[in-house]
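Encoded as structure tokens, here's the structure I'll be asking about.
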Amino acid sequence: MAAAQYGPHRWSAGEYDSDHTDAFRGARFAVADLTATTFVDCDLSRVRIVDSWLVDVDVSGHVSNFVVNGVDGTAFVAAELDQRHPERVQLRGMRTADDHRAMWDTIERLWSDAVTRAERLPEAARHQRVHDEWSFVESLRHLVFVTDAWARRTILDEPLPYHPFGVPQSAYPRADAAALGIDLAARPSFAEVMSARADRMALVRGLVDALTDSELVMDEECEHLRFAVRDLATLEAASQGRVLTGSRAGRDRLTRPARPA
């Protein structure tokens with residue numbers, strides 16, 4: 001990486017691969033060039049950035065007490081997301097079994113719309129990553145894993161709940177995934193993944209229809225829908241000959257079910 005053109009360069013982004021470490025906890029980067037640095041699944045709580053240039057910065061993840069130049073933008077961001085994605089408001093308002101059933105109706109409808117858009121794309125585009133984040137197919141594979149973890153294992157207590165095409169969180173140890181029967185090297189087609197996804201959607205529908213006034217987690221569905229639809233717009237533009245733009249980060253970290261045993 002080229003050195004910064006100003007000041008004594010004390011740390012250069014790109015020199016270190018710090019995956020799965022706490023090497024930089026409490027660190028101080030002074031007069032450092034962090035241009036084009038990517039932070040994935042990082043805990044940036046209580047980070048303080050002073051007298052720095054933040055231009056064309058894209059932040060995605062759990063945002064709370066996010067202060068920019070003395071202004072807390074958290075409420076604005078949340079309100080804007082709620083306006084763009086009203087299912088978020090519906091999700092927070094769930095109280096009864098009927099609320100859960102209505103929420104699942106919404107999730108089924110929105111995902112059906114997203115899949116219809118994906119079906120118009122070439123097969124390769126459905127597997128294409130936008131800025132190295134999950135492809136549309138990988139997002140569906142992750143939701144297969146989520147359903148297996150929450151519904152088939154936790155609720156139904158099935159002895160072999162995991163589909164081999166499932167994709168766990170990015171930081172999930174590969175050896176642990178293999179022990180669950182998950183094949184991270186698999187490259188299933190869109191049609192194969194949709195078959196597994198349809199089976200899991202039907203499973204959740206059955207559980208929701210039989211639900212009493214107890215809680216069933218659905219926020220994974222809503223959040224991954226938001227990310228998938230966002231990237232569909234990018235892929236659609238690319239398929240029409242326009243340049244890929246936009247990105248997202250950390251989308252598989254918004255909700256963390258307990259690691260399956």
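Anything in region 45-62 that is modelled with pLDDT of 90 or more and open to solvent by 100 Å² or more (accessible area, probe 1.4 Å)? List them, or say none.
Arg46, Arg48, Ile49, Asp51, Trp53, Leu54, Asp56
Please go through region 49-82 and give me each residue that is of a type in the set (A, V, I, L, M), assigned to a loop (DSSP other than H, G, I, E, B) and farther than 24 Å from Ala30 by Cβ, ordered by number.
Matches in region 49-82: Val63 only.
Then there's this: State which residue is nearest to Thr147 (Cα to Cα) when the search covers only region 85-98 and only residues that are without any contact (Cβ under 8 Å) to a residue 40 or more places away in the chain, touching a helix residue (DSSP H, G or I) at 6+ places or on another chain (Cβ under 8 Å) and part of a helix (DSSP H, G or I).
Looking at the filtered set, the residue picked out is Gln90.
With the structure loaded, tell me whether Met103 is in a loop (DSSP other than H, G, I, E, B) and buried (at least 17 other Cβ atoms within 10 Å of the Cβ) or whether it fails that test.
Against the criterion (in a loop (DSSP other than H, G, I, E, B) and buried (at least 17 other Cβ atoms within 10 Å of the Cβ)), Met103 does not qualify.
Shifting gears a bit: Within region 63-78, can you find the residues that are open to solvent by 80 Å² or more (accessible area, probe 1.4 Å), within 24 Å of the chain's Cα centre (by Cα) and of a type in the set (S, T, N, Q)?
If the condition is that a residue be open to solvent by 80 Å² or more (accessible area, probe 1.4 Å), within 24 Å of the chain's Cα centre (by Cα) and of a type in the set (S, T, N, Q), then Asn65 is the only one that fits.
Then there is this: Within the group Val40, Val77, Val63, which residue is touching a residue at least 12 places away in the same chain (Cβ under 8 Å) and in contact with a Phe, Trp or Tyr (Cβ under 8 Å, 6 or more places away or on another chain)?
Being touching a residue at least 12 places away in the same chain (Cβ under 8 Å) and in contact with a Phe, Trp or Tyr (Cβ under 8 Å, 6 or more places away or on another chain) holds for just one of Val40, Val77, Val63, which is Val77.
Scan Arg200, Arg117, Arg126 and give me the residue that is modelled with pLDDT of 95 or more, of a type in the set (D, E, K, R), closer than 30 Å to Asp98 by Cβ and touching a Ser or Thr at 6+ places or on another chain (Cβ under 7 Å).
Arg200
I need the full set of residues from region 88-124 which are under 18 Å from the mean Cα position of the chain (by Cα) and over 18 Å from Arg197 (Cα atoms), in order please.
The answer is Arg88, Leu91.
Looking only at region 26-48, which residues are under 29 Å from His224 (Cβ atoms) and either not in a loop (DSSP other than H, G, I, E, B) or not aromatic (Phe, Trp, Tyr) (or both)?
Leu34, Ala36, Thr37, Thr38, Val40, Asp41, Cys42, Asp43, Leu44, Ser45, Arg46, Val47, listed by residue number.
Just to be sure before I move on: is Asp22 open to solvent by 80 Å² or more (accessible area, probe 1.4 Å) and at pLDDT below 95 in the structure I sent?
Judged against the criteria, Asp22 is a match.
Listed residues Leu203, Leu207, Leu225, Leu211; which is outside any helix (DSSP H, G or I) and aliphatic (A, V, I, L, M)?
One residue alone meets the criteria, Leu211.
Taking region 117-158 as the region of interest, how many residues are assigned to a helix (DSSP H, G or I), open to solvent by less than 80 Å² (accessible area, probe 1.4 Å) and within 20 Å of Arg187 (Cα to Cα)?
18
Enumerate the pairs (first residue in region 220-239 and of a type in the set (S, T, N, Q) and open to solvent by 10 Å² or more (accessible area, probe 1.4 Å); second residue anywhere and part of a helix (DSSP H, G or I) and modelled with pLDDT of 90 or more) with beta-carbon separation below 6 Å, excluding pairs fewer than 6 apart on the same chain, so at least 6 apart or on different chains.
Ser239/Ala125
If you go through region 175-194 one residue at a time, how many are exposed (fewer than 12 other Cβ atoms within 10 Å of the Cβ), hydrophobic (A, V, I, L, M, F, W, C) and closer than 25 Å to Glu119 by Cβ?
So the answer is 1.
The values are calculated or read from the model by the stated rules, or taken from the named source; none is laboratory data. All values derive from a computational prediction rather than experimental measurement. Heads up, the Cβs are rebuilt from the backbone with ideal geometry, glycines too, and the neighbour counts pull from every protein chain shown. With ligands, DNA and RNA removed, areas are computed over all heavy atoms of the protein, side chains included. Shrake-Rupley method; radii C 1.70, N 1.55, O 1.52, S 1.80 Å.
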